[in-house]
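The values are calculated or read from the model by the stated rules, or taken from the named source; none is laboratory data. It should be emphasised that the depicted structure is a prediction, and the values quoted were computed from it without experimental measurement. Positions of Cβ are backbone-derived with ideal geometry, glycine not excepted, and every protein chain shown enters the neighbour counts. Protein only, heavy atoms only, side chains kept; ligands, DNA and RNA dropped before computing areas. Shrake-Rupley method; radii C 1.70, N 1.55, O 1.52, S 1.80 Å.
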Amino acid sequence: MTHAAIIGGGMAGMLAATAIARHVDRVTIIESDTFPSSPAQRRGLPQGHHNHMLFGGGAMALDTLLPKTTDLLYAHGAHHLRIGERMAMLSPQGWSRRFDGDPFVVTCSRPLLDHVVRRQALSYHRITLIQSAKVVGLTGDASRVTGVRVERDGGPEETIEADLVVDAAGRRSDSPRWLTDLGLPEVAEDTLDAGFAYAGRSFLAPPSAGDDFPGILIQADNSTGEPGRGAALLPNEDGRWIVALIGTRGAHPPTDEEGWLDFARSMRSPIIADLLVGATPLGEIRAYRGLANRRRHFERIVPEGFVVLGDAAMTLNPNYATGMSISAFGALALREEVERTGFTEGLARRAQQRIAKAGEPWWEVAIGQDRWFPNVRTNLTLRGGASQLKMAARWGRVVTEHPAMARATYSAASLVITPKKMMTLPLLVAMMRGPKLPPLTAEEAIAQYPGFSGVLDAAPADSAVSQTSA
Ligand SMILES: Cc1cc2nc3c(=O)[nH]c(=O)nc-3n(C[C@H](O)[C@H](O)[C@H](O)COP(=O)(O)OP(=O)(O)OC[C@H]3O[C@@H](n4cnc5c(N)ncnc54)[C@H](O)[C@@H]3O)c2cc1C
């Protein structure tokens with residue numbers, strides 16, 4: 001009888017369980033939190049209050065692991081936003097023109113996403129869930145992990161034995177300490193921290209916003225030497241919007257109502273603040289800090305029988321919205337390795353190397369952007385200079401007007417292709433030639449999305465409605 005134990009039942013834990021369920025007799029997920037029976041916030045997932053985009057590459061990986069999951073999400077009200085058509089984007093180089101193409105993002109609340117994934121995963125008869133049970137350490141020695149030590153309901157510590165233990169306990173995982181307790185060396189860790197902070201709030205969209213209301217992304221500018229400030233508005237299920245205001249060290253968004261709205265209004269475009277006039281706030285403004293990029297090199301030391309994936313292995317600044325997709329890529333890498341070699345000697349090391357490789361391109365993207373914000377803290381030696389930033393700005397400017405370049409760039413941003421693959425010869429030539437069109441004015445950009453004018457024109461009436469319905 002083979003048995004796998006998964007630490008944590010979040011996104012990575014559920015996906016890891018399904019990834020190996022066909023190849024073991026039993027999988028046990030051990031979760032310290034208690035799951036709600038419907039899509040609802042929970043204590044163990046504080047980021048659940050904040051906006052989450054599941055990019056196309058991650059959505060496809062999710063469907064490979066758990067077929068038809070995105071269909072279920074859409075049936076529950078999640079939105080399928082084609083980026084070129086339903087996402088208004090203001091980059092440091094200006095507003096993007098709309099373009100045809102496949103790059104897409106799934107938007108809905110994180111509680112809905114997790115609820116649907118959880119239900120799908122737990123329908124596998126080999127997977128068992130133990131809730132309100134906290135893993136406090138590992139058993140085994142420096143050469144092999146043989147199980148986990150668990151505390152539950154204030155009772156005595158117990159041991160759950162397993163042929164494979166997967167740490168999917170998220171960004172607060174204690175694996176480095178647990179491994180040194182077994183006699184292993186410290187896990188090497190890379191960090192780069194631009195001091196990003198989120199302040200987010202949910203809203204009931206005004207009645208004038210239709211079902212196909214677009215999302216908005218205002219990207220923080222990393223090229224000015226000043227702290228970056230950005231924002232996002234995403235349509236969620238049940239006619240809700242979720243709005244994130246984002247700032248790097250030195251420009252953190254406030255969490256009081258007036259300061260928060262002032263921050264939204266002081267962006268390079270006040271469009272989000274304008275659209276909120278007729279929306280009804282749902283709940284308080286919530287802050288999230290401590291959003292450094294951090295990766296731990298478990299692939300250099302993992303003992304037999306132990307694998308780490310999801311945020312526990314690599315946590316990226318959520319500004320790039322890649323964490324859930326990378327969790328799915330990691331679970332797919334684990335599945336492929338188990339399928340290829342079964343539970344043979346060296347499985348953990350090989351799987352961990354593939355998991356690290358699957359996340360590597362997105363690590364490079366995140367640190368390649370964040371390193372240019374002021375007052376960055378890092379233990380990395382960074383190569384390349386201002387010429388890289390200049391080239392990125394030129395590329396970004398052409399993206400705003402060149403459909404093929406936009407399709408390639410957003411295919412990479414949505415994790416469908418790697419950034420290296422987007423740099424084809426014709427697109428490099430287009431970048432060298434530079435922009436051909438004048439930048440869009442804010443009015444021209446906003447006029448591309450009739451949904452905006454519908455809400456902006458109706459704002460006073462909507463505002464009266466929202467005040468009575470709040
Ligand atoms: C503000 C914010 C916004 C984000 N936006 C996006 C986005 O737009 N798109 C995107 O792709 N990603 C986004 N992310 C990242 C995303 O939330 C994570 O990448 C993702 O949740 C990682 O999944 P995970 O399973 O590794 O960790 P989690 O989802 O954090 O799950 C870890 C689980 O382990 C449990 N656990 C912890 N310790 C123990 C223990 N000792 N014993 C048992 N159980 C334990 C926890 O209760 C939890 O259920 C965002 C993150 C933040 C902070």
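Whether any residue in the stretch 218-228 is more than 14 Å from the ligand (Cβ to nearest atom), buried (at least 17 other Cβ atoms within 10 Å of the Cβ) and assigned to a strand (DSSP E or B) is what I want to check.
Checked against the condition, which is being more than 14 Å from the ligand (Cβ to nearest atom), buried (at least 17 other Cβ atoms within 10 Å of the Cβ) and assigned to a strand (DSSP E or B), the stretch 218-228 yields at least one hit.
Identify all residues within the stretch 165-183 that are under 21 Å from I355 (Cα atoms) and in contact with an Asp or Glu (Cβ under 9 Å, 6 or more places away or on another chain); write none if there are none.
D167, A168, A169, G170, R171, R172, S173, D174, S175, P176, W178, L179
Restricting to the stretch 290-315, give me the number of residues that are hydrophobic (A, V, I, L, M, F, W, C), within 13 Å of the chain's Cα centre (by Cα) and crowded, with 24+ Cβ neighbours inside 10 Å.
1
Out of the residues in the stretch 284-340 meeting the condition of being basic (K, R) and in contact (Cβ under 8 Å) with a residue 60 or more places away in the chain, tell me which one is farthest from A61 (Cα to Cα).
The extreme case among them is R286.
Within the stretch 13-29, identify whether any single residue is more than 8 Å from the ligand (Cβ to nearest atom), under 13 Å from L309 (Cβ atoms) and assigned to a strand (DSSP E or B), and answer yes or no.
So far as the stretch 13-29 goes, no, none of its residues is more than 8 Å from the ligand (Cβ to nearest atom), under 13 Å from L309 (Cβ atoms) and assigned to a strand (DSSP E or B).
Quick check on the stretch 39-57. Is at least one of its residues open to solvent by less than 10 Å² (accessible area, probe 1.4 Å) and more than 16 Å from the ligand (Cβ to nearest atom)?
No, because not a single residue in the stretch 39-57 is open to solvent by less than 10 Å² (accessible area, probe 1.4 Å) and more than 16 Å from the ligand (Cβ to nearest atom).
Restricting the search to the stretch 341-353, which residues are within 18 Å of T146 (Cβ to Cβ) and free of Cβ contacts under 8 Å to residues at least 12 places away in the same chain? Show your work before the answer.
Let us first name the residues in the stretch 341-353 that are within 18 Å of T146 (Cβ to Cβ), namely 343-349, 351-352.
T344 - this is the single residue of the stretch 341-353 that is within 18 Å of T146 (Cβ to Cβ) and free of Cβ contacts under 8 Å to residues at least 12 places away in the same chain.
Could you grab me the full set of residues in the stretch 431-461 that are exposed (fewer than 13 other Cβ atoms within 10 Å of the Cβ) and assigned to a loop (DSSP other than H, G, I, E, B)?
If the condition is that a residue be exposed (fewer than 13 other Cβ atoms within 10 Å of the Cβ) and assigned to a loop (DSSP other than H, G, I, E, B), then G434, K436, L437, P438, T441 are the ones that fit.
Among the residues of the stretch 70-95, which ones are crowded, with 21+ Cβ neighbours inside 10 Å and more than 18 Å from P235 (Cβ to Cβ)?
Residues satisfying the conditions are Q93, G94, W95.
So which residues in the stretch 403-427 are in a helix (DSSP H, G or I) and more than 25 Å from the chain's Cα centre (by Cα), if there are any at all?
P403, A404, L425, P426, L427
Based on what the data block shows, is G384 in contact (Cβ under 8 Å) with a residue 24 or more places away in the chain and either assigned to a helix (DSSP H, G or I) or open to solvent by 40 Å² or more (accessible area, probe 1.4 Å) (or both)? Reasoning before the result, please.
On the way: in contact (Cβ under 8 Å) with a residue 24 or more places away in the chain: no; either assigned to a helix (DSSP H, G or I) or open to solvent by 40 Å² or more (accessible area, probe 1.4 Å) (or both): yes.
In short, no.
Any residue in the stretch 263-279 that is within 9 Å of the ligand (Cβ to nearest atom) and open to solvent by 30 Å² or more (accessible area, probe 1.4 Å)? Quick ask: steps written out before the conclusion?
Residues of the stretch 263-279 within 9 Å of the ligand (Cβ to nearest atom): none.
Checked the stretch 263-279: no residue is within 9 Å of the ligand (Cβ to nearest atom) and open to solvent by 30 Å² or more (accessible area, probe 1.4 Å).
Would you confirm whether any residue within the stretch 330-343 is within 13 Å of the ligand (Cβ to nearest atom), within 10 Å of the chain's Cα centre (by Cα), within 24 Å of L184 (Cβ to Cβ) and not basic (K, R)?
Scanning the stretch 330-343, I find no residue that is within 13 Å of the ligand (Cβ to nearest atom), within 10 Å of the chain's Cα centre (by Cα), within 24 Å of L184 (Cβ to Cβ) and not basic (K, R), so the answer is no.
Taking S32 as meeting all but one of (1) among the hydroxyl-bearing types (S, T, Y); (2) near the ligand (Cβ under 7 Å from one of its atoms); (3) not in a loop (DSSP other than H, G, I, E, B), write down the number of the exception.
(3) is the only condition that S32 fails.
Test A333 against the criterion of being among the aliphatic types (A, V, I, L, M) and within 18 Å of Q47 (Cβ to Cβ), and give yes or no.
Details: among the aliphatic types (A, V, I, L, M): yes; within 18 Å of Q47 (Cβ to Cβ): no.
No.
Select from the stretch 58-69 the residues that are outside any helix (DSSP H, G or I) and surrounded by fewer than 16 Cβ atoms within 10 Å (Cβ to Cβ) and list them in ascending order.
Taking the stretch 58-69 first, the residues outside any helix (DSSP H, G or I) are 66-68.
Of everything in the stretch 58-69, those that are outside any helix (DSSP H, G or I) and surrounded by fewer than 16 Cβ atoms within 10 Å (Cβ to Cβ) turn out to be P67, K68.
Based on what the data block shows, is R433 basic (K, R), within 19 Å of L217 (Cβ to Cβ) and out of contact with any His (no Cβ under 8 Å at 6 or more places or on another chain)? Explain how you work it out, then say what you get.
Numbers: basic (K, R): yes; within 19 Å of L217 (Cβ to Cβ): no; out of contact with any His (no Cβ under 8 Å at 6 or more places or on another chain): yes.
So R433 fails the test.
I'd like to know if the stretch 394-402 contains one or more residues that are among the β-branched types (V, I, T), open to solvent by less than 30 Å² (accessible area, probe 1.4 Å), at pLDDT 95 or above and not in a helix (DSSP H, G or I). Steps first, please.
Of the residues in the stretch 394-402, the ones among the β-branched types (V, I, T) are 398-400.
Adding the requirement that they be open to solvent by less than 30 Å² (accessible area, probe 1.4 Å) leaves 398-400.
Narrowing further to those that are at pLDDT 95 or above: 398-400.
From the residues that got through so far, the ones that are not in a helix (DSSP H, G or I) too are 400.
Yes, some residue in the stretch 394-402 is among the β-branched types (V, I, T), open to solvent by less than 30 Å² (accessible area, probe 1.4 Å), at pLDDT 95 or above and not in a helix (DSSP H, G or I).
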